[in-house]
Amino acid sequence: MGRRRARARAAAGKVVAALSVTVTVAVGVAGCTVASRQEPGQATAAVRDALAEAASAAETTRLTVGLLDDDRLTSSVADAAILDQVRVLADASTALTTLVPPDDTSSAQRSAGLEALEGVTAEVVAARAWVAREAGGDLSDAGDVPATGDEALARLDAATADLDAALALAGGA
């Protein structure tokens, strides 16, 4: 019993550390205002930054689901961690939806980013519902809730692949 608690505390510490980095960067992105007339490179950078934040949120969600699935994290900590990622994704969405692209290239980058962000957001929300189910929530008839942690991770993988493609379109890694 004591070892399990120690492992859960260590895992929670890792999630908190990842969250603090994500939140720090997200605050930086959310604090930036988008000029109404940007140069194409600035618009591309804004898309890239928003998508990088979304990728970070997806990865933190992945880590959280994996830790909960391995019984190395409590469901309440997992829920809080994923809820923070939902907020990061909302900030990324705001950054993209308020961006006024100055050219066709950055407009296409923003469109691809919005579509990919929508998919990642849906899967992070579904992962949070899976956490609620694991905590004993009555979600047996909820059709969009992954049945297992592995299913939640697979769905996140698919959505993250689309996000990675949109990020690459904007010149990201």
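Ignoring ligands and nucleic acids, what accessible area does S107 show with a 1.4 Å probe (Å², nearest 10)?
Number for this one is 40 Å².
Determine the order of D138, D164, D144, D103 by accessible area, beginning with the largest, at a probe radius of 1.4 Å.
Sorted descending by solvent-accessible area, the residues read D138, D144, D164, D103.
The values are calculated or read from the model by the stated rules, or taken from the named source; none is laboratory data. Here the structure is a predicted model, which means the values were calculated and not measured. When the accessible area is computed, the model is the full protein with side chains, heavy atoms only, and any ligands, DNA or RNA have been set aside. Shrake-Rupley method; radii C 1.70, N 1.55, O 1.52, S 1.80 Å.
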